[in-house]
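Below is one structure, written out as structure tokens; comments come after it.
The values are calculated or read from the model by the stated rules, or taken from the named source; none is laboratory data. Since the structure is predicted, the reported quantities are computational estimates derived from the model, not experimental observations. Here the Cβ positions follow ideal geometry from the backbone for every residue, glycine too, while neighbour counts run over all protein chains shown. Side chains are part of the model used for accessible areas, which takes the heavy atoms of the whole protein and leaves out ligands, DNA and RNA. Shrake-Rupley method; radii C 1.70, N 1.55, O 1.52, S 1.80 Å.
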Amino acid sequence: MRKTILLLSLVATALAAGSAGARGSATTFTFCTDPSFPPMEYVRASGGIVGFDVEMASALAKTFDATSKPLKTAFPGLIPALNAKKCDAVISGIFVTPDRVKQAGAVRYMETHRVFVVHAGNPKHVTGPSSLKGLNVVTQAGTKYEEYLKALQKKVSFNLQTYPGDNDAVAQVILGRADVDLTQDTSFAFQAKAHPGKIAVAYTFAAKDTFGIYFRKGDPLGAKLRAGVAKLKRNGTLVRLARKYKIPVSDVR
């Protein structure tokens, strides 16, 4: 009888330990990101990936009892990597556009504006797209910026050079090797703080862009992401992160 009681006790203990372990193990929410677009995502000197999107992903994952993990991915390969199931979602300061929503579902979380960044004082007198004639223009490769500028070149003649990351592109303006960088107002805010007095916004596009989180079509995760973003807006998390990273609070309301 004592052996039976002891055996039952051991089984109960094992089941309890297994249950506790299951409760303690969190699901990993892996998101593809190209950490070359500060302050949305960038790499610290220590090698860690940080930024608005990274902190948002962490807070978002907690809303569905998961922990977040960034997966470094080149920008042009973000959605292909998602659909190849290398990650659960894409969070990378990426626009919601008609061609992309044909490939994946999207949850919008921030509005923003494109800007022309120039050297301080605007020595080339850039006032808009038509004033790019004859200038050296740079932008990040594989982006909607590049698509726009290539289309604009058919109307206005200028030199265009692309770079792997936004940091690389804006550095060309800072060093005087380029006249204009097409980027986002969020990026300018970060770069202006990092390089005080060296760059300025010469022109802000009137139309707004929207950053979104992409997920595979038909994936139940999409509903969790929508609910999570809504919660982060309601509880002030996105506003707090916007203030931390010097992004206009109105962009995340």
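Of note:
- Cβ-based net charge around Thr97, under 11 Å, with every Lys or Arg adding one and every Asp or Glu removing one: 0
- Residue pairs, from the table Lys198/Lys244; Lys208/Lys233; Lys198/Lys233; Lys62/Lys193; Lys208/Lys244; Lys62/Lys85, whose Cα atoms sit over 25 Å apart: Lys198/Lys233; Lys62/Lys193
- A simple spin-label model places the labels of Lys72 and Arg243 3.3 nm from each other, with each point 7 Å out along Cα-to-Cβ.
- Degrees, to the nearest 10: 2-24 long Cα axis against longest axis of the chain: 10
- By accessible area, using a 1.4 Å probe on protein heavy atoms only, the chain has 56% of its surface on carbon and sulfur.
- Calculated SAXS-style log₁₀ I(q)/I(0) at q = 0.13, 0.18, 0.21 Å⁻¹ - the range 45-133, Debye, Cα scatterers: -0.63, -0.95, -1.11
- Listed by chain and number, the lysines whose C-alpha is less than 16 Å from the C-alpha of Lys155, apart from same-chain residues fewer than 8 away, are Lys133.
- According to the Kirkwood relation over distinct C-alpha pairs, the hydrodynamic radius of the range 144-253 is 16.7 Å.
- Residue with peak Gaussian network fluctuation, the chain [Cα springs, cutoff 10 Å], from Ala206, Ala171, Ala227: Ala206
- Accessible area of His113 in the full protein assembly, 1.4 Å probe (Å², nearest 10): 40
- The chain, Rg to Rh (Cα coordinates; Rh as Kirkwood inverse mean 1/r): 1.14
- Per residue solvent-accessible surface (Å²) - the chain, probe of 1.4 Å: 50
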